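The values are calculated or read from the model by the stated rules, or taken from the named source; none is laboratory data. What you are looking at is a predicted structure, and each value in this text was computed from that prediction instead of being measured. Note that each Cβ is placed from the backbone with ideal geometry, even for glycine, and that neighbours are counted across all protein chains shown.
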Amino acid sequence: MTTQNKTKLFAIGLSTFLASKAFSMASDCKTSLAELNDARMNADYSIVEAAIGKFKSTTDCSDESVNLALTQTAAILAQRAQGEIANGNLSNAEQLLSMAPATHWLVQVSRADIAAKQDDRAKAAELYNASLDTILDQALTPDSEQLGEYAQQIAMLAQENTMLAGSTANLISRSDGRATGVYGALSRGLSFVPAEKPAAEYKPPVNEEVYEKRPVKSTYIPIKFATDSDHLGDTGKQEALKLAKFINSYHIKKIKLIGHTDERGSHEYNQDLSERRAHSLKTFLIDHGGVIAEIITIGRGEKEPPVLSDYSIYSVEQRQAIARRVELALD
């Protein structure tokens, strides 16, 4: 995600939760809230922390006003943390985020950004996926059509870091059997893309972009193939078994496995390799995962490199590792 997009993302995140609301507040609540507002941008973290604690202990505030104020505070602290991350001050960013008094997707994205900066891809993947869940949870994040673009970008970051980690962690093995993160969006057939509505039917305000939910086309399967190899390996087999559980748990009837390679090698060789990667996974899913769904395999060679959230944040080796992938598409 580019710096420009991230700036816009945080502006939208704040506008979503700083929207004007009418609250009936007691004088003590108003005073405590004013103190919290004054403290949120203070350079002295202890003052910020003390103001949050005082506001949380104020008994004259309604639950609605408390929840909104704490959510606003979490968003503002996340915005400040982003500035520290941009300047390379990760410890300051972590301290700001540790004070966040409410669950907020901006906080989770910021924590994921720190993990990615530290090359902790497993933690980054977990947090990006968690932030996507938070955005999709209407109890935590009110509906906002403007969030669609950024949910899509976060989903891309989640997939990319999951690929580099080589693990879905708990995304398709929750105790209640439900998938989360990008796999949860896939299971529900959800993605965020620009809405296409006839002008006569809907005319958005100037500069407003409208998004709607549509079927997910595909998602990366985090099996890290070595260069010139279609071998799953031990870790790859574990991920394939998780994928089999996902397919079987949701009683999916038909899937497509789309193999890819990085840009090195001839077109003929890469085409064959991509087909072998998809077929290798198919064979394992049937023989060891008990998958009875119809599986179609397709090879794309190097012709469809991954469209990354931000090419500048990955090394050449990391971009190639993401490119050596098999994608899952539900039919």
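Points worth noting:
- Residues (hydrophobic (A, V, I, L, M, F, W, C), part of a helix (DSSP H, G or I) and surrounded by 15 or more Cβ atoms within 10 Å (Cβ to Cβ)) located in the range 287-331: Ile313, Ala321, Ile322, Ala323
- Contact map, the range 262-277: first residue among the aliphatic types (A, V, I, L, M), second residue surrounded by fewer than 16 Cβ atoms within 10 Å (Cβ to Cβ) and not in a helix (DSSP H, G or I), Cβ cut-off under 8 Å, separation 6 or more or different chains; pairs are Leu273/Asp228.
- Which listed residue, of Arg276, Arg300, Arg324, is of a type in the set (D, E, K, R) and within 18 Å of Thr168 (Cβ to Cβ): Arg324
- Restricting the range 233-267 to residues that are of a type in the set (S, T, N, Q) and within 23 Å of Leu164 (Cβ to Cβ), the residue that is surrounded by the most Cβ atoms within 10 Å (Cβ to Cβ): Thr261
Yes/no matrix, rows are residues, columns are (1) more than 28 Å from Leu33 (Cα to Cα); (2) buried (at least 17 other Cβ atoms within 10 Å of the Cβ):
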| residue | (1), (2) |
| --- | --- |
| Ala75 | no, yes |
| Asn92 | no, no |
| Leu147 | no, yes |
| Ala151 | yes, yes |
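- Of the strands (runs of 3 or more DSSP E) lying entirely inside the range 203-274, those containing at least 1 residues that are at pLDDT below 90 span 211-213, 219-221.
- Flag if Thr141 is β-branched (Val, Ile, Thr), surrounded by 20 or more Cβ atoms within 10 Å (Cβ to Cβ) and more than 15 Å from the chain's Cα centre (by Cα): no
- Failed item, numbered, when Gln118 is tested on (1) polar (S, T, N, Q); (2) more than 26 Å from Leu36 (Cβ to Cβ); (3) surrounded by 20 or more Cβ atoms within 10 Å (Cβ to Cβ): (3)
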